[in-house]
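Engineer: My structure is below; once you've seen it, I'll send some questions.
The values are calculated or read from the model by the stated rules, or taken from the named source; none is laboratory data. Computed from a predicted structure; not experimentally measured. Reconstructed Cβ throughout: ideal geometry from the backbone, glycine too, with neighbour counts over all protein chains shown. Each accessible area value is taken on the protein alone, full model and side chains, heavy atoms only, with ligands, DNA and RNA left out. Shrake-Rupley method; radii C 1.70, N 1.55, O 1.52, S 1.80 Å.
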Amino acid sequence: CGGGLSVLPAIADFSFMVEGASLYVNSPDTICDNCTDTSSAKYQFEEAGTVDFVGSLDEIAASVRKIVSMIPEEYVDCTDDLNRAAEGLEDKISDAALVAAELADNREFVELKAGFAKNMVTGFIKLDGVTVGVIGNREIDGDAYLSACGCDKAADFVDLCDMYEIPILSITNVEAYKACACGERRLPRALAQMTQRFVDAQVPKINLITKAAFGTPYVLMNSKAMGADLVYAFESSKVGAMDAAKAAKLMANDASEIAALEAEYSAKQSSAICAASHGHIDRIVSMADTRKYIIAGFEMFF
């Protein structure tokens, strides 16, 4: 699929690519100093983000069936317990994909563009038989951040959900922006696009804060300020304008004060309870009860 035809996979709602196939605007051998196969499925999946799934022909066929089953043409009977306790979330909160799978009916999560911008998770689950779009953060090497590619990925997915009238669940764990030269060039526009998509989307939006939510990265991840209809948080999560350790370093007159100031700031300004008291969070939920509260929330908007 080359030249102008490469627009077709990019404009499609979902694109699948068989390993060994080629997708390109310009053939790789016509690009000066090109040291990789820019037409390969691996490149398009991991670097370009053009395709949602890559695999063998049989794997692609199975993926197509999964996606078609998620498009909400009709509502299916839920065979999973609506009040089922979510298990082991304390070990999964660093990866929104793991959280989404645990909350989903029959623990099935279909992730889109899994190889591209891995710090941002997008995909579909069903809750009580209804399709829900999931957007969330994934820690990379222990860091929870927003990147330009991740924001582009999220913005496109919000558009897709809004078009199909699919409600959105955001799973938030973010503390900073990715610090790199590329980010300085692209992040402002990418953040603006993601923010605008969240604000414009006319579908129900629920936000779940799982671990940490600090500063403007948190605000832009479908917070109450950006129009989220409901915001839930785990009691153990940290929510605030700034991480307590960084705030203490700014406030301290000398190094001996940092530890005490960090503890004081954390208690007063960085807890989910504090954020809830200011109206930024609607309900503090236990990890085990998360599935039933999110289902109830979406059913309220149904």
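Engineer: Please turn the phi angles of the range 122-128 into ³J(HN,Hα) values with the Karplus equation 6.51 cos²θ - 1.76 cosθ + 1.60 (θ = phi - 60°), one per residue in order, whole Hz, x for glycine and proline.
Structural biologist: 9, x, 10, 9, 10, 10, 6
Engineer: Report the accessible area of Y164, computed with a 1.4 Å probe over the heavy atoms of all protein chains in place, in Å² rounded to the nearest 10.
Structural biologist: Approximately 70 Å² for this residue.
Engineer: Output wanted: per-residue J couplings in Hz (rounded whole) for the range 79-84, from phi through Karplus 6.51 cos²θ - 1.76 cosθ + 1.60, θ = phi - 60°, x for Gly and Pro.
Structural biologist: Computed from phi, the couplings for the range 79-84 are 9, 9, 5, 5, 9, 4 Hz.
Engineer: As a test of understanding, state the convex hull volume per residue of the range 154-220 from its alpha carbons, in Å³.
Structural biologist: Residue-normalised Cα hull volume stands at 78 Å³.
Engineer: Note down the relative contact order for the range 56-140 as a percent, whole number, built from C-alpha pairs under 8 angstrom at least six residues apart.
Structural biologist: In percent, rounded to a whole number, it is 29.
Engineer: Another one. For the pairs K153/K224; K66/K238; K42/K246; K118/K249; K66/K224, note any where the Cα-Cα span goes beyond 28 Å.
Structural biologist: Beyond 28 Å: K66/K238; K42/K246; K118/K249; K66/K224.
Engineer: In square nanometres, what is the average projected area of the Cα convex hull of the chain?
Structural biologist: Dividing the Cα hull surface by four gives the mean projection, 17.7 nm².
Engineer: A further question on this structure: Can you list the residues, at least 5 places off or on another chain, whose amide H is less than 5 Å from the amide H of A213, using H built in the peptide plane?
Structural biologist: For A213, whose amide H was placed from the backbone, the distant partners under 5 Å are V174, K238, V239, G240.
Engineer: Using the Karplus equation 6.51 cos²θ - 1.76 cosθ + 1.60 (θ = phi - 60°), what ³J(HN,Hα) coupling, rounded to whole Hz, does each residue of the range 23-31 give in order, writing x for Gly and Pro?
Structural biologist: Once θ is set to phi - 60°, the couplings for the range 23-31 become 9, 7, 8, 10, 4, x, 6, 9, 9 Hz.
Engineer: Shape call for the range 1-96 from the C-alpha gyration tensor, a ≥ b ≥ c root eigenvalues: rounded (a/c under 1.5), prolate (a/b greater than b/c) or oblate?
Structural biologist: prolate
Engineer: I want to check the label-to-label distance for R107 and C180. Put each point 7 Å from Cα in the C-beta direction and report it in nm to one decimal.
Structural biologist: With each label placed 7 Å out from Cα toward Cβ, I get 3.3 nm.
Engineer: With every protein chain left in place, what is the accessible area of D81 in Å² (1.4 Å probe, nearest 10)?
Structural biologist: Here the residue's solvent-accessible area equals roughly 90 Å².
Engineer: What residues qualify as long-range amide H neighbours of N207, i.e. H under 5 Å apart, gap of 5 or more or another chain, H built at 1.01 Å from N?
Structural biologist: The list, which skips near neighbours in sequence, is S170, L230, V231, Y232.
Engineer: Given springs between every Cα pair under 10 Å in a Gaussian network model of the chain, which of F14, F124, F234 has the largest fluctuation?
Structural biologist: Top of the fluctuation ranking is F14.
Engineer: Bin width 5 Å, origin at 0, all Cα-Cα pairs of the range 100-161: what percent of pairs per bin?
Structural biologist: Spelled out bin by bin, the range 100-161 gives 4, 19, 28, 22, 17, 8, 2 percent.
Engineer: Rounded to the nearest 5, what is the percent of antiparallel bridges among the DSSP beta bridges in the chain?
Structural biologist: Taking every DSSP beta bridge within the chain, about 35 percent pair in antiparallel fashion.
Engineer: If Lys and Arg each add +1 and Asp and Glu each add -1, what is the summed charge of the other residues whose beta carbon sits under 15 Å from the beta carbon of A61?
Structural biologist: Surrounding charge for A61 is -2.
Engineer: How much accessible surface does S286 have with a 1.4 Å probe, in Å² rounded to 10?
Structural biologist: Around 60 Å² of this residue is reachable by solvent.
Engineer: Considering all alpha-carbon pairs of the range 160-302, what whole percent are spaced by more than 21 angstrom?
Structural biologist: Tail of the P(r) past 21 Å holds 49 percent of the pairs.
Engineer: Separate question: Show the residues, 5+ positions off or on another chain, whose built amide H is closer than 5 Å to the amide H of G123.
Structural biologist: Amide H to amide H, under 5 Å and 5 or more residues apart or across chains, G123 pairs with L112, V134.
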